[in-house]
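The values are calculated or read from the model by the stated rules, or taken from the named source; none is laboratory data. Predicted model only: the values in this text are computed from it and were never measured. Note: ideal-geometry Cβ built from the backbone for every residue, glycine included; neighbour counts use all protein chains shown.
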Amino acid sequence: MSGIFVWIDHFRGKALPASWESISAAQGLGGEITALVFGSGVGNLATLALHYGAHKVILCEDATLADYRLEPYAALLTKLVNDHAPRVVLSGATTRGRELLAAAAAETDSSLLPDVTELSLEGESIKAVHPAYAGKVLSDLVATSRTVFVTLRSRAFPLPQPDASRSGEVITVAPVMPAEQIATQIESFEEQRGSVNLTDAAIIVTGGRAVGSAEGFAPVRELAEVLGGAVGATRAAVDAGYIPYAHQVGQTGKVVSPNLYIAAGVSGSIQHQAGMRTSKIIVAINKDPDAPIFKIAHYGIIGDLFKVLPALSAAARAKLGK
């Protein structure tokens, strides 16, 4: 097959893990991998992309690309695709990745396979799997256009190990859109304090309505801290005011795919399952043996979360030497 483009999504020079996962997905297809690094002062990302498995890098550094804006980024990606005709363009299914690849796919009259969890090459076709209907249905997608754009669900593909001995060609290109033609202007960024990064978390411990209060999240937080994970919550717990919305997992919250998902006092509504069904290992803790969460859990504990979670925390501390 012809080459594969992987767009490196970053915020002010710090790449998102989804970008390196995209390189891992590209390695599964075979062919030459070209990382696309756009920004200002991001030469270090070009080096990192090579360390993570790219064969070469196309680097565009300019003040107009310092912060992500759709217009100049899409114009540049569109030109590169038209010039080089890659077989596939990959990106993590981040907010920026989804927007950018959708725009470039439209401009180049190409196929777009969104939010996929599996990707393969069969003959001239690019095949992918896209979870639908809260993960109950896995849709098989097939694209045969000259170039196929694909966004990849976070944590669906393994994070490759960097190798500092790897090197490759770095090709420098000029931006496409002059500053005066860019309609969108960015004045500043405001940091949201106290936010959590559930999307990239490898371990999530989630509390449901059964925690009963804000204080009831204490054993949930304790286990998450011991395991080095993040704290999640159901919509019911958020709506009750027990915990901020930033922790919500589900159809109206974050969609996550951690290696380990522990659901404590979570009934497992279809809306909640929509946000965590693709987790690698699901452990359910609930007093109700008929709770729907047990139907998708790999391991289930029928019991009181206020007894089970402290016991798990104690066992984890002993095992991990904490």
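Some points to look at:
- Here the condition is being under 15 Å from residue 209 (Cα atoms) and either in contact (Cβ under 8 Å) with a residue 40 or more places away in the chain or assigned by TED's automatic domain parsing to the domain that holds residue 152 (or both); of 279, 313, 267, 257, it holds for 267 alone.
- The residue that is surrounded by the fewest Cβ atoms within 10 Å (Cβ to Cβ), counting only those in region 255-281 that are in contact with a helix residue (DSSP H, G or I) (Cβ under 6 Å, 6 or more places away or on another chain) and more than 16 Å from residue 300 (Cα to Cα), is 255.
- Annotation for region 244-251: at least one member residue is in a helix (DSSP H, G or I) and closer than 20 Å to residue 293 by Cα.
- Extreme residue, surrounded by the most Cβ atoms within 10 Å (Cβ to Cβ), among residues of region 184-235 that are among the basic types (Lys, Arg) and within 24 Å of the chain's Cα centre (by Cα): 235
- Enumerated strands (runs of 3 or more DSSP E) restricted to region 252-322, each holding at least 1 residues that are closer than 19 Å to residue 199 by Cβ, at pLDDT 95 or above and within 28 Å of the chain's Cα centre (by Cα): 260-264, 281-286
- Conditions (1) in a helix (DSSP H, G or I); (2) within 19 Å of the chain's Cα centre (by Cα); (3) of a type in the set (A, V, I, L, M); number of the one not met by residue 50: (2)
- Within region 1-33, the set of residues being assigned to a helix (DSSP H, G or I) and surrounded by 16 or more Cβ atoms within 10 Å (Cβ to Cβ) comprises 17, 18, 19, 20, 21, 22, 23, 24, 25, 26, 27, 29.
- Where strands (runs of 3 or more DSSP E) fall entirely within region 60-124, those with at least 1 residues that are free of Cβ contacts under 8 Å to residues at least 40 places away in the same chain and among the polar types (S, T, N, Q) are at 111-116.
- The number of residues in region 236-251 that are under 20 Å from the mean Cα position of the chain (by Cα) and on the phi < 0 side of the Ramachandran plot comes to 6.
- Hey, residue 32 closer than 21 Å to residue 163 by Cα and touching a Phe, Trp or Tyr at 6+ places or on another chain (Cβ under 7 Å) or not: no
- Single residue of region 112-168 satisfying the filter (surrounded by 14 or more Cβ atoms within 10 Å (Cβ to Cβ) and among the aromatic types (Phe, Trp, Tyr)) that is nearest to residue 2 (Cα to Cα): 149
- Subset of region 34-59 (residues that are surrounded by fewer than 24 Cβ atoms within 10 Å (Cβ to Cβ), in contact (Cβ under 8 Å) with a residue 40 or more places away in the chain and touching a helix residue (DSSP H, G or I) at 6+ places or on another chain (Cβ under 6 Å)): 53, 59
- Yes/no for residue 155 being over 20 Å from the mean Cα position of the chain (by Cα) and in contact (Cβ under 8 Å) with a residue 24 or more places away in the chain: no
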